[in-house]
Amino acid sequence: MPGTVLLLAASPLGRGRLVDAAGVLPVLAAVAPAVLSGTDTANVVELADPLEPQAVLTRLRAAAATPGPLTVYLTGQLHLDRRQHQPHLALARTTPATLRYTALPWHWIREELRLRSAADTALVLDLHADAETWRHVTERGLDSGRTTAVYGRIAPAAGRRGLAEPAYMKTVATLLRSGHRPPLGVLHEQAVGRIPEETRGNLLLADAGGFVPAGSPVRPAHVPPPPVPTAVAGTTPPAPAPA
């Protein structure tokens, strides 16, 4: 069955930009669709610095409703809205004052993927967060639902060092350009091993069991993860232990 791939890279166009998210798209776009999906054939939808959250939601909903495996490669930055303190993915027009209206609420992503099977639904993330959102995520996790496998990283903003680089996603794309997509757990381990050492501090890394502190061992993909709280990002239901 054909797979579906959604490439989403978003960050504000003004001073609020923390990461050059769209810079990763040319590298990902150079990978064959079938390799991005891990299937024989695949359809790819690319969203570069989208303007409207409803437009992103429409594309995500259509992708989630398509039969077959779905892989979402998402690069961008997270912020909390001031009223409900819920994580949002910033889009091109997002500012601190307009966040609730111009950014994509993270729970929209979780809800659109909720009815899919964890066996064929994956999020590959490279996200940066401002100071407030970083504290929120380290304390509470990033809830991506129990039916979605999540791989990737969340990193704090680079601060005065300028725009951050989506080093994890670029490394993933570079590995995939070999023409082969290993199991995502293996791909994640390979990418983490190639991220420059200086960018690993203060990271939260994800595998199929959720986000773990930088430096913690990442479980091999074939080992069933233990049960984790719902609030922890990107969990999959525990698989039965091998006989």
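The values are calculated or read from the model by the stated rules, or taken from the named source; none is laboratory data. Being a predicted model, the structure only gives us computed values, none of them experimental. Neighbour counts run over all protein chains shown; Cβ positions are idealised from the backbone, glycine included. Surface areas here come from the heavy atoms of the whole protein model, side chains and all, with no ligands, DNA or RNA. Shrake-Rupley method; radii C 1.70, N 1.55, O 1.52, S 1.80 Å.
If you add up the charges near residue 36, with Lys and Arg at +1 and Asp and Glu at -1, over every other residue whose beta carbon is less than 11 angstrom from its beta carbon, what do you get?
+1
Where only protein heavy atoms count, and the probe is 1.4 Å, what is the accessible area per residue for region 1-112 in Å²? Don't skip to the end; give the middle numbers.
Details: 4880 Å² over 112 residues.
Per residue, region 1-112 has an accessible area of 44 Å².
What number comes out for accessible area per residue over region 127-193 if the probe is 1.4 Å? Units Å², please. Each step should come with its number before you reach the end.
Values: 2920 Å² over 67 residues.
Ligands and nucleic acids excluded, the figure is 44 Å² per residue.
Per-residue accessible area for residue 189 at 1.4 Å probe radius, Å² rounded to 10?
Estimated to the nearest 10 Å², residue 189 gives 80 Å².
Near residue 79, within a Cβ-to-Cβ distance under 11 Å, what is the net charge of the other residues, with Lys and Arg +1 and Asp and Glu -1?
Numbers: positive: 82, 100; negative: 81, 130, 132.
Charge balance in the 11 Å sphere: -1.
Got the relative contact order for region 1-104 handy, in percent, Cα pairs under 8 Å and 6 or more residues apart?
38 percent
Can you send over the carbon and sulfur percentage of the accessible area for region 1-116, probe radius 1.4 Å, protein chains only?
Numbers: 2830 of 5180 Å².
About 55 percent, which is the carbon plus sulfur part of the accessible surface.
Quick one: net charge around residue 92, please, counting Lys, Arg +1 and Asp, Glu -1 for every other residue with C-beta under 12 Å from its C-beta.
0
Just want the answer: with Cβ charges of +1 for Lys and Arg and -1 for Asp and Glu, which residue in 96, 152, 118 is farthest toward the dipole's positive end in region 93-164?
Among 96, 152, 118, the one farthest towards the positive end of the dipole of region 93-164 is 96.
Taking 0.36 nm per intervening residue step and subtracting the Cα-Cα distance, what contour gain separates residue 199 from residue 1 on full extension? Walk me through the numbers before you get to the answer.
Working: separation 198, 0.36 × 198 = 71.28 nm, distance 3.79 nm.
This chain segment gains 67.5 nm when fully extended.
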